[in-house]
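Some notes on the structure that comes next.
The values are calculated or read from the model by the stated rules, or taken from the named source; none is laboratory data. Just so we're clear, the structure is a prediction, and the values are computed from it rather than from any experiment. Here the Cβ positions follow ideal geometry from the backbone for every residue, glycine too, while neighbour counts run over all protein chains shown. Heavy atoms of the whole protein, side chains included, go into the accessibility calculation; ligands, DNA and RNA do not. Shrake-Rupley method; radii C 1.70, N 1.55, O 1.52, S 1.80 Å.
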Amino acid sequence: NAMIRPLIPFGIKGVIWYQGENNTQHAFRYRELLQLLINDWRELWKSPFSFLIVQLANYMKRQQQPMESEWAELRESQFKVAACMPNAGMTVSIDIGDADDIHPTDKASVGERLSLLARHVAYGEKISCYGPTLESYLLKGNSIRVKFGHADNGLVVKGGGALKGFAVAGVDREFHWANARVDGDCVEVSSPDVAFPVAVRYAWGDNPECNLYNGVGLPAVPFRTDEWKGLTVDR
């Protein structure tokens, strides 16, 4: 109240929202809280101003095996809010965090990505501002084919080598690291440990190793295709 209300008389074009670390234990509820905040501020200002979200960066020790993650669930909530709210957008920082510092020092990259987002969302420019985003997926026997939107200038494995960060699970809901390869605007994923995969996740973890980008240098948005109960649903 003391920090925001005094600003209400002033004109506003948009908000950059870089927050969420303190809410990870209640990540599922965060999607409701963030929408309430956006709606409340817009009502106070009597303006549908742009709201730009910075998705949580990678942080903490890297997990060696696929597992549940409060930080991944918070990122999912941020993405869902940006996708459902008008005049809103989200930029990804999953690749520019610091395992040992909750306040990563690479602010320049965040600023550059936010500038692209602002030019598109707030000013209406027709530019590339999003990384590859899950569009659809198809179960194909022992593999899953994932199609991406915003694959501007093609899908790219940053640094070359193997595509990392994908995991698949069968009906037992046990995830295993997947072999993944780019095929046009799709990625084909499979694992010798999962005969009939039914779900795929990408960059799902506190500090995931992931290297899928589009041709304009923006990282893919972390995602999961399943809606299985996570760590924070009942909190």
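Here are the numbers for the structure shown:
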quantity	calculated
DSSP bridge pairs, segment 34-163: antiparallel proportion in percent, nearest 5	65 percent
Prolate/oblate/rounded label for segment 106-172 (Cα gyration tensor, a/c 1.5)	prolate
For segment 1-75 versus segment 136-163, the gap between their alpha-carbon centres in whole angstrom	28 Å
Accessible surface of R29 - all protein chains present, 1.4 Å probe, nearest 10 Å²	110 Å²
DSSP bridge orientation in the chain - percent antiparallel, rounded to nearest 5	80 percent
Tilt relative to the chain, helix 107-121 - C-alpha long axis, 0 to 90 degrees, to 10	80 degrees
Protection proxy ranking of 49-55, 166-172 - average other beta-carbon atoms within 10 Å, highest first	49-55, 166-172
Helical mean residue ellipticity (222 nm; -39500 (n - 2.57) per DSSP H run of 4+; nearest 500) of the chain	-7000 deg cm²/dmol
Anisotropy class of segment 95-135 from Cα gyration tensor, a/c 1.5 cut	oblate
0 to 90° range, to nearest 10: angle between helix 27-45 axis and the chain longest Cα axis	30 degrees
Relative contact order computed over segment 91-233 (Cα-Cα under 8 Å; 6+ residues apart), in percent	25 percent
Rg(Cα)/(2.2 N^0.38 Å) for segment 100-214, N = residue count	1.21
Cα radius of gyration and Dmax for the chain (Å)	18.2, 60
Accessible area expressed per residue, the chain, with surrounding protein chains retained (probe 1.4 Å, Å²)	51 Å²
All aspartates and glutamates inside 12 Å of K158 as judged from Cα atoms, apart from same-chain residues fewer than 8 positions distant	D95, E209
Shape call, segment 159-235: gyration tensor on alpha carbons, a/c limit 1.5	oblate
Exposure rule at most 15 other beta-carbon atoms within 10 Å, DSSP loop GluC sites (Glu not before Pro): the chain longest free segment	1-67
Under 18 Å from the Cα of K61 - lysines, other chains or at least 8 residues apart	K164
Within the accessible area of segment 12-110 (1.4 Å probe), percent carbon and sulfur	53 percent
Proximal lysines relative to K13, as straight alpha-carbon distance under 19 Å, when same-chain residues fewer than 8 apart are discounted	K46, K126
Dipole magnitude (debye, nearest 20) for the chain, charges at Cβ of Lys, Arg, Asp, Glu	580 debye
